[in-house]
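In what follows, a single structure is set out as structure tokens and then discussed.
The values are calculated or read from the model by the stated rules, or taken from the named source; none is laboratory data. Bear in mind that the values here come from a model prediction, so they are computed numbers and not experimental data. Here the Cβ positions follow ideal geometry from the backbone for every residue, glycine too, while neighbour counts run over all protein chains shown. What goes into the accessible areas is simple: the full protein's heavy atoms, side chains included, and nothing from ligands, DNA or RNA. Shrake-Rupley method; radii C 1.70, N 1.55, O 1.52, S 1.80 Å.
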Amino acid sequence: MNLIDDDTLQAYADGELDATNTARIDAALAHDDLLRRRLQQTRALRAQLKAAFDPVLDEPVPARLSALLQPARPQAPMPIKPLAQAAGRRGFDAGRRRASRRWWKPVAAATASVAVLAVTLWWHAGRAPLSVHDDRQYATAPLSDALDRALASEPDPHASVGIGLSFRSTDGRICRTFIDRAKPTLAGLACHDDAGWRLSVLTAAKKPEEGELRQAASSMPPAVQAAVDARIRGEAFDARQERAARDAGWR
Amino acid sequence: MEKRYVDPSQVVREGLIPLLPRLRRLARALTGQVDDADDLLQIVLERAMTRAAQWRPDAALDKWVFAIARNAWRDELRARGRSQRLFAGEEAGVMAADGNSGPAQKLELAAALVALPPDHREVVALVLVEGLSYSEAAELLQVPVGTVTSRLARARAALQSYLGNGT
């Protein structure tokens, strides 16, 4: 008799098994008490979890959460703005628990330190530092030169482009956040591929204070931060890794 | 590429409203705490609105926002790890919803869930609590289906042994 392993048994319990194997388990269950007990335990655990969490569905949603999904003011040009304001109120509410405030703080700080326009510029930028091939947007000089050469560990305060974080993304490419301080100030995320630096996100940003750039994770506009969050694999590069990546041609 | 103007934030915002209860359930299962869960959800909603333009109508909105939730919780765990300010332990257990299983059992389950490594806990949350299929969870987590299967089996074994149901 074939031993039925836990993976197969749980797939059976979860309704994920193909017909052939389902029939095999059905047959085995008919004469195998131990297997029946294991199946019952597997199902009982799932039922226990459902019983513990499903009641959340019936709890009233806290007003502070549903308020985030209220329509923006009529004519409000930027949908993000009411959100950021709501976030500020909630972040500085003295009645909140210590733990909750601590968890919130970095985001509140980011919201406060950068007046975000949250306009995705793609095509709208009057001064878009990009070119398009195959429907993809690539950085052009001087942004592309800065992405190729500049190191966050050796910031040049006079350069128009500052580099924030560099990291490897989940699809294996190297990505870098940047702020282009020329007017209008733009921030974004670019990932390197065979054709150059492909722009994932480009948004308007407030010109950062000197020295603020290195803390890019907390001072980047939320759209850029979100794009980093969505792509980053592991941690951002340290100075040594950043230099090594440059020396290797950002492969 | 011509860009048609559809206000993506409106579509996403309206789509998220009916998902709020499920998002809260997922957040509760991921974090193990009521307060963490709602704080997480707040960040998730804000990120979803910020990123609304990235959502494609052919992608299911629930999976899309679940992925945001999972990633946001990962970020938070990373940040806590970095700053050495772990505090999940001190309040673990208050996550239990009012349900019909006994309080003691819920506490046990909560503690057991919190004790799982994050990549096991998120599979439990997505598949066993939220009811995603293995392949849906695999796509969301960007791992092979076999990885979901093996994480889930190990998580189940760990939960069974915490709960004293082990063989």
(message) Taking the condition of being touching a helix residue (DSSP H, G or I) at 6+ places or on another chain (Cβ under 6 Å) and either surrounded by fewer than 22 Cβ atoms within 10 Å (Cβ to Cβ) or of a type in the set (D, E, K, R) (or both), how many residues in region B:17-27 meet it?
(response) 5
(request) Being within 24 Å of B:ALA112 (Cβ to Cβ) and open to solvent by 80 Å² or more (accessible area, probe 1.4 Å) is the filter; apply it to region A:6-35 and report the residue that is modelled with the lowest pLDDT. (result) A:ASP6
(request) For region A:39-54, name all the residues that are within 7 Å of chain B (Cβ to nearest Cβ), touching a residue at least 12 places away in the same chain (Cβ under 8 Å) and open to solvent by less than 50 Å² (accessible area, probe 1.4 Å). (result) A:THR42
(request) Give the residue, chosen from A:ARG176, A:ARG168, that is modelled with pLDDT of 90 or more and open to solvent by 50 Å² or more (accessible area, probe 1.4 Å). (result) A:ARG168
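Taking only region B:15-59 into account, find how many residues are β-branched (Val, Ile, Thr) and under 24 Å from A:GLY188 (Cα atoms).
Let us first name the residues in region B:15-59 that are β-branched (Val, Ile, Thr), namely B:17, B:31, B:34, B:43-44, B:50.
From what is left, the residues that are under 24 Å from A:GLY188 (Cα atoms) are B:43-44, B:50.
Residues meeting the conditions: 3.
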